[in-house]
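Participant: Below you'll find the structure I mean.
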Amino acid sequence: MSAATHVFDQLLAQEGVEEVLTLRSTFGFMAYHGGGLEEMTEVIAQAAAEKCGASYYGVHQPVGMEWHIPSHKVVREHSDALGAFLDHVDIVITVHGYGRMGLWATLLLGGSNRELAVHVGGHLRSHLPAYEIRTELEEIPKELRGQHPLNPVNLPPRGGVQLELPPRIRGTSPLFWDWEGPELNPHSQALVDALALAALTFER
């Protein structure tokens with residue numbers, strides 16, 4: 001087995017990396033690029049899961065660590081927790097962060113379950129009118145579409161949605177540098193509310 005296949009295993013073994021599993025309903029949220037890598041993705045995904053009683057799986061890197069594992073290399077063979085999550089849920093929303101020039105206020109909904117993408121997109125538009133919501137795969141950069149068959153978002157029986165969030169909606173842009181909390185900033189909280197409502201109202 002090549003060294004590349006062990007990358008996820010090696011990440012989980014690093015000091016300060018936290019693997020989190022909470023099993024609730026069979027609707028799941030994931031944020032396995034959370035913590036220091038794609039900041040606030042794990043906070044948003046966990047908050048949405050808790051709000052609607054969904055399950056959660058995340059990998060949270062410590063501050064200052066930015067070890068990016070391609071999604072198709074996040075494999076259940078190297079994580080009992082990920083395996084338990086994928087065995088439990090039947091549909092998921094994975095939360096990622098990205099940054100692209102000209103897309104600072106654009107949320108991208110990839111993944112294999114296009115019905116769920118449209119459903120989630122409708123709730124996001126209602127809660128976040130200042131943002132552009134893209135649910136058509138052709139309008140999403142190819143590398144952010146989440147279509148690889150080994151991507152964890154596509155492994156549950158009904159697949160899922162890969163949600164890519166720009167810095168602004170995660171509260172990590174200059175727009176919110178003076179936000180003191182402790183609660184989420186209004187944009188991130190509206191996002192959490194939209195995701196939780198979408199999960200609760202999706203017909204399964």
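Participant: Which residues, counting only those in the range 150-192, are in a loop (DSSP other than H, G, I, E, B) and without any contact (Cβ under 8 Å) to a residue 12 or more places away in the chain? Spell out the reasoning first.
Facilitator: Step one: of the range 150-192, the residues in a loop (DSSP other than H, G, I, E, B) are 150-151, 155-159, 166, 171-173, 177-185.
Scanning the range 150-192 gives TRP177, ASP178, TRP179, GLU180, GLY181, PRO182, GLU183.
Participant: Related question: Any idea which of GLU77, GLU66 is surrounded by fewer than 21 Cβ atoms within 10 Å (Cβ to Cβ) and in a helix (DSSP H, G or I)? Quick ask: steps written out before the conclusion?
Facilitator: Values: GLU66 fails: in a helix (DSSP H, G or I).
Testing whether each residue is surrounded by fewer than 21 Cβ atoms within 10 Å (Cβ to Cβ) and in a helix (DSSP H, G or I) leaves just GLU77.
Participant: Any chance the range 56-65 includes a residue that's over 15 Å from the mean Cα position of the chain (by Cα) and in contact (Cβ under 8 Å) with a residue 60 or more places away in the chain?
Facilitator: no
Participant: Pick out the one residue from GLU42, GLU18 that is modelled with pLDDT of 95 or more and surrounded by fewer than 17 Cβ atoms within 10 Å (Cβ to Cβ).
Facilitator: None of the other options fit; the residue is GLU18.
Participant: While we're on this one: Among the residues of the range 84-128, count how many are under 18 Å from ALA31 (Cα atoms) and part of a strand (DSSP E or B).
Facilitator: Qualifying residue count for the region: 11.
Participant: If only one of PRO141, PRO174, PRO167 is under 15 Å from the mean Cα position of the chain (by Cα), farther than 21 Å from ALA84 by Cα and surrounded by fewer than 21 Cβ atoms within 10 Å (Cβ to Cβ), which one is it?
Facilitator: The match here is PRO167.
The values are calculated or read from the model by the stated rules, or taken from the named source; none is laboratory data. Quick caveat: nothing in here was measured; it's all calculated off a predicted structure. Reconstructed Cβ throughout: ideal geometry from the backbone, glycine too, with neighbour counts over all protein chains shown.
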